[in-house]
Amino acid sequence: MNHCHIFEYRSFPRKSIDIRPDPAFVEIYFKQRGRAADEVQSFLAFYNANDWKTATGLPIVNWKKVANDWIWYCRKKNKLQNPISLTPSYRN
């Protein structure tokens, strides 16, 4: 007699969880990465206004991933706005 186990895959309904981070944790996270407090406020205001959803309407699951993307974008934007001068400046 062949005893085969048939696995029954069930899809369980996902519970809606609130992934909104504590603003104090976000502030610490940004501070650890050398970012200013006003950047934290902009980040929180933007995602609170968008109900912590992606551009496609899906709920954000990992706020740290989104925060890293935000920080990367801000650094890139700042470099473009404040390019480093390659000409030496001499003082007398």
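The values are calculated or read from the model by the stated rules, or taken from the named source; none is laboratory data. In this text the structure is predicted, and so the values were computed from the model without any measurement. Don't worry about glycine lacking a Cβ; one is built from the backbone with ideal geometry, like all the others, and counts go over all protein chains shown.
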Residue under evaluation Glu8, criteria (1) at pLDDT 90 or above; (2) exposed (fewer than 11 other Cβ atoms within 10 Å of the Cβ); (3) among the acidic types (Asp, Glu), criterion not met: (1)
Residue check, Ala55 surrounded by fewer than 11 Cβ atoms within 10 Å (Cβ to Cβ), closer than 20 Å to Ala24 by Cα and not polar (S, T, N, Q): no
Residue tally, condition in a helix (DSSP H, G or I) and over 13 Å from the mean Cα position of the chain (by Cα), over the range 29-40: 4
Complete set of residues in the range 41-66 that are closer than 12 Å to Pro23 by Cα and either hydrophobic (A, V, I, L, M, F, W, C) or not in a helix (DSSP H, G or I) (or both): Phe43, Leu44, Ala45, Trp63
